[in-house]
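The values are calculated or read from the model by the stated rules, or taken from the named source; none is laboratory data. The structure presented is a predicted model; accordingly, all values stated were derived computationally and were not measured. Because the Cβ atoms are built from the backbone with ideal geometry, glycine has one as well, and the counts that use them run over all protein chains shown. Just the protein is used for accessible areas: all its heavy atoms, side chains included, with ligands, DNA and RNA removed. Shrake-Rupley method; radii C 1.70, N 1.55, O 1.52, S 1.80 Å.
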Amino acid sequence: MKMTVIHHTDELHGYLFNNRQKGYTIGFVPTMGALHSGHLALLEASSSSADLTVCSIFVNPTQFNDPGDFKKYPDVKEQDMQLLEKTSASVLFLPSVPEIYPSGTDSLEHYELGYLDSILEGQFRPGHFQGVCQVMSRLLGAVDPDMLFMGQKDYQQCMVIKRLLTLIGSPARLVTCPTVREPGGLAMSSRNLRLPAPDREKATLIYQALTQAKTRLKPGSLEPLKISTRELLERNGFRVDYVEIADAATLMPLDEWRGQQALVMLVAAFLGEVRLIDNMLLHN
Ligand code: AMP
């Protein structure tokens, strides 16, 4: 089936209404474009469980706390569309900024995200998750999916979206898909396009650091593991925002571990001008 490209919410509603009447279930994969194998894995997961898959490409201005980062975000729509034609996505939703924010972006709603808003990514990118929720509530309103597919690479974002689904009363089921990595272990990301060639090799150290931490985990204080992981990255030229170990279910940062709780280690670090994030379950 040929992919349909839709720019306007009204048209999308009409298209999806007709398909729902036929009893089709809808899977949704929201993206910001510059598509890679991580995005494609989400699309595959969607098309293997839903009858119809909607992919959106929208670079959301309200989630960039750094306007420079927004300006530099890769825009390769033609390439993305060619790639999507080869997948089983039925619809590409490609809205403009005024289509998503018809009243502008100056005074938008606030979402009660509790501590998820202020720890880790929330601490280093203030307002980021408010922006994510602002766009996702609009996209969810436009698509009204049965299932929503997102990547574990953005661990905290998945937790925020789970909370958002409850806050807005969306019946969509969130499916979190495993992180897709380059052969050397670097988590695929649209931002990797901005890494100069020598840094691409170096960037794999984040994965190596996470893997090493997993093998060294033992009950007791988690501080030494956090510190040694941070030091490994800093010694190799990374500017670290955080290295944290948290309860995998709640994302509450932990200092001690008794050997049972599921744990996730999360890292955010700059290599040159490019900020990379990654995470790994240390125990589950
Ligand atoms: P983005 O285009 O970066 O906003 O990402 C769109 C979706 O793709 C989000 O749910 C991300 O978590 C997911 N994603 C990004 N990179 C990866 C990856 N390497 N593996 C799996 N999912 C990913």
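Structure values in brief
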{"item": "Those helices (runs of 4 or more DSSP H) lying entirely in the range 140-246 with at least 3 residues among the β-branched types (Val, Ile, Thr) and closer than 26 Å to His110 by Cβ", "result": "155-167"}
{"item": "Members of the range 123-140 that are open to solvent by 10 Å² or more (accessible area, probe 1.4 Å) and without any contact (Cβ under 8 Å) to a residue 40 or more places away in the chain", "result": "Ser137, Arg138"}
{"item": "Of all residues in the range 16-36 being within 13 Å of the ligand (Cβ to nearest atom) and touching a Lys or Arg at 6+ places or on another chain (Cβ under 9 Å), the one that is nearest to Arg173 (Cα to Cα)", "result": "Gly33"}
{"item": "Qualifying residues in the range 197-227 (those that are touching a Lys or Arg at 6+ places or on another chain (Cβ under 8 Å) and more than 16 Å from Thr179 (Cα to Cα)) - the one most open to solvent (accessible area, probe 1.4 Å)", "result": "Pro219"}
{"item": "Odd one out for Pro178, checked against (1) more than 8 Å from the ligand (Cβ to nearest atom); (2) touching a helix residue (DSSP H, G or I) at 6+ places or on another chain (Cβ under 9 Å)", "result": "(1)"}
{"item": "Residue in the range 79-89 that is closer than 20 Å to Arg173 by Cα, buried (at least 18 other Cβ atoms within 10 Å of the Cβ) and of a type in the set (Ser, Thr, Tyr) present", "result": "no"}
{"item": "Residues satisfying the stated conditions in the range 244-271, i.e. surrounded by 19 or more Cβ atoms within 10 Å (Cβ to Cβ) and at positive phi", "result": "Leu251"}
{"item": "Residue match in the range 99-120 (condition: within 16 Å of the ligand (Cβ to nearest atom), in a helix (DSSP H, G or I) and farther than 23 Å from Ala249 by Cβ)", "result": "yes"}
{"item": "Test set (1) in contact with a Leu (Cβ under 9 Å, 6 or more places away or on another chain); (2) open to solvent by 60 Å² or more (accessible area, probe 1.4 Å) - Asp241 fails condition number", "result": "(2)"}
{"item": "Any pair with Cβ under 6 angstrom, 6 or more apart, that starts in the range 45-73 at a residue that is open to solvent by 10 Å² or more (accessible area, probe 1.4 Å) and ends at one that is among the basic types (Lys, Arg) and assigned to a loop (DSSP other than H, G, I, E, B)", "result": "Asn65/Arg125"}
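Table: residues versus (1) more than 21 Å from Ser49 (Cα to Cα); (2) acidic (Asp, Glu).
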{"site": "Val97", "(1), (2)": "yes, no"}
{"site": "Glu109", "(1), (2)": "yes, yes"}
{"site": "Leu120", "(1), (2)": "yes, no"}
{"site": "Phe124", "(1), (2)": "yes, no"}
{"site": "Leu140", "(1), (2)": "no, no"}
{"site": "Asp154", "(1), (2)": "yes, yes"}
{"site": "Leu167", "(1), (2)": "yes, no"}
{"site": "Arg191", "(1), (2)": "yes, no"}
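Residue-by-condition table, conditions (1) within 11 Å of the ligand (Cβ to nearest atom); (2) touching a Pro at 6+ places or on another chain (Cβ under 9 Å); (3) at pLDDT 95 or above:
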position: Ala142; (1), (2), (3): no, yes, yes
position: Asp146; (1), (2), (3): no, yes, yes
position: Gln156; (1), (2), (3): yes, no, yes
position: Gly169; (1), (2), (3): no, no, yes
position: Ala172; (1), (2), (3): no, yes, yes
